[in-house]
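The values are calculated or read from the model by the stated rules, or taken from the named source; none is laboratory data. Just so it is clear, the model here is predicted, and its values are computed rather than measured. Here the Cβ is made from the backbone with ideal geometry for all residues, glycine too, and neighbour counts use every protein chain on show.
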């Protein structure tokens, strides 16, 4: 996998009323070309600060970052030309139309008017903006505005698109819609780097993600890997009380079961991969003629992962709080 | 030249948006007229001048300097809004020249200021203000330099303060002494010695003094060259500082 973003030992601290706050401590990461890479963590975890360092918006205190072959500190212009960045606030001009916003942005990246126009039209078609792109941005709905923000980050055909909390404040329908658009962007060959404090978003979108807390990366992997590293999938077997003892003894001998314990109404098992383990499990039980009342499979969530690595649930860590604007 | 085309784009953006704001245009045109209509009669009485024209010959150039000051300090409020709405970040993440991002909107605001000034001069002329064309042209350059200085200062301060209330406190806190010490409406020569000394630390003072001389057509007067000698280097310094703030702005 060709790496398009590499960062080594990134650090950033801020001075706040004489106290020094370490916002980012020693963050290293590598993102492959064409991936959707995610930063998951609660507010204040250092996600945005890291993003702002990678996008040349914030000077790096220590460490190095390389984007598409250029050093972020020494060659910011080359980096800027190759990346798009959509901040939480967006940044489209309210008093201008969608077209005007897109064309200005493309021109600021050095494109000539004709090619910027062509590119803007194509993007508007991909992101479903065409219908309202000649209206002023102040008339847009939240979802429309967010799609324009995406287009603004893409108009100069960057290699990497950075999205800071892309769906914060959107309703569920618009979130799902935006996710589809982000996937469509990836299919055009772009690398997408996003931050989110939504578990379902990281789960649904990211090929790979890191979990951040208190300025450090606490875990990294594909959503599946991360969830499996924690507890694996859990299977609940509904059994008559008199069978629990026997079933537990039998299943303990099976290698594919990582953990087993009695619970009200049956047994709770933890397995690496639920879909592969279920038939195996049923075969074993069937062979020993143990009658099953019910069986259910539940996958761990990224919240379990977060809990495992930080000792707190993401909800408690403030991850799901509304952003202050 | 990239820096020129970037400045042009930023100019155009600001200009188009202001043109779509009729309230702002109306206030821009009416405030110099209000100054003339509401202040001239008072001065006329106070100075026991022979005619409105004589009063205006003395005070109108100061009003132009005052308008330049007001239009400069207003720039930072726009910056605060753009900071909060993500516009500053959106512009800073492009490879566009930081100087262009700063100067384009200032140049556009200056164009509007000149337009309002022309309206004001026309109205003042109607009241009897005696126009010295050469003097007014040099005065236009002087208030342009001054307006650019104040704008750049205001934008950079806004980027540093980040919050509207903090920025407004600083701006308002500085406005009052700056205006009073400059003798915009009443000449500082009316004041005691200490005031006349302190006034020399107020850039607006030099502009007002220079403006009065230029309004009267006294190109060669010491007030005029002093005004340029103070303002031109100051403008360079403030622009350089503001550009560097844009380079590393932390929001």
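Checking each residue in region A:176-213 for being in contact (Cβ under 8 Å) with a residue 24 or more places away in the chain and over 15 Å from residue A:36 (Cβ atoms) picks out A:177, A:197, A:199, A:211, A:212, A:213. All of A:112, A:128 fail the test of being out of contact with any strand residue (DSSP E or B) (no Cβ under 6 Å at 6 or more places or on another chain) and within 14 Å of chain B (Cβ to nearest Cβ), apart from A:112.
I want to confirm something. Restricting to region A:239-284 and keeping residues that are in contact with a helix residue (DSSP H, G or I) (Cβ under 8 Å, 6 or more places away or on another chain) and in a strand (DSSP E or B), which single residue is nearest to residue A:300 (Cα to Cα)?
Filtering first and then ranking leaves A:271.
Among residues of region A:1-21 being modelled with pLDDT under 90, touching a strand residue (DSSP E or B) at 6+ places or on another chain (Cβ under 7 Å) and assigned to a strand (DSSP E or B), the one that is farthest from residue A:50 (Cα to Cα) is A:20. Mind checking which residues of region B:181-211 are crowded, with 17+ Cβ neighbours inside 10 Å, under 19 Å from the mean Cα position of the chain (by Cα) and in a helix (DSSP H, G or I)? B:181, B:182, B:199, B:203, B:204, B:205, B:206, B:207, B:208, B:209, B:210, B:211 - these are the residues of region B:181-211 that are crowded, with 17+ Cβ neighbours inside 10 Å, under 19 Å from the mean Cα position of the chain (by Cα) and in a helix (DSSP H, G or I).
Do we have residue B:76 as in contact with a helix residue (DSSP H, G or I) (Cβ under 9 Å, 6 or more places away or on another chain), away from chain A (no Cβ under 14 Å) and touching a residue at least 24 places away in the same chain (Cβ under 8 Å) here?
Values: in contact with a helix residue (DSSP H, G or I) (Cβ under 9 Å, 6 or more places away or on another chain): yes; away from chain A (no Cβ under 14 Å): yes; touching a residue at least 24 places away in the same chain (Cβ under 8 Å): yes.
Yes; evaluated as a whole, the condition is true for this residue.
When B:53, B:28, B:62, B:8 are screened for being more than 14 Å from every other protein chain (Cβ to nearest Cβ), in a helix (DSSP H, G or I), touching a residue at least 12 places away in the same chain (Cβ under 8 Å) and closer than 30 Å to residue A:96 by Cα, only B:28 passes. In region A:72-84, the count of residues that are closer than 20 Å to residue A:210 by Cβ, facing another protein chain (nearest Cβ under 10 Å), crowded, with 18+ Cβ neighbours inside 10 Å and touching a strand residue (DSSP E or B) at 6+ places or on another chain (Cβ under 9 Å) is one or more.
Would you confirm, using the coordinates I've provided, whether residue A:17 is without any contact (Cβ under 8 Å) to a residue 12 or more places away in the chain, surrounded by fewer than 23 Cβ atoms within 10 Å (Cβ to Cβ) and either over 26 Å from residue A:303 (Cα atoms) or not assigned by TED's automatic domain parsing to the domain that holds residue A:161 (or both)? Against the criterion (without any contact (Cβ under 8 Å) to a residue 12 or more places away in the chain, surrounded by fewer than 23 Cβ atoms within 10 Å (Cβ to Cβ) and either over 26 Å from residue A:303 (Cα atoms) or not assigned by TED's automatic domain parsing to the domain that holds residue A:161 (or both)), residue A:17 qualifies. Note on region A:220-234: among residues that are modelled with pLDDT of 90 or more and in contact with a strand residue (DSSP E or B) (Cβ under 6 Å, 6 or more places away or on another chain), the one that is farthest from residue A:22 (Cα to Cα) is A:222. Residue-level analysis places residue B:224 outside the set of residues that are within 14 Å of another protein chain (Cβ to nearest Cβ) and either modelled with pLDDT under 95 or touching a strand residue (DSSP E or B) at 6+ places or on another chain (Cβ under 8 Å) (or both).
Within region A:148-171, one or more residues are farther than 28 Å from residue A:31 by Cβ and not in a strand (DSSP E or B).
For residues that are part of a helix (DSSP H, G or I) and more than 8 Å from chain B (Cβ to nearest Cβ), scanning just region A:85-105, find the one that is surrounded by the fewest Cβ atoms within 10 Å (Cβ to Cβ).
A:99
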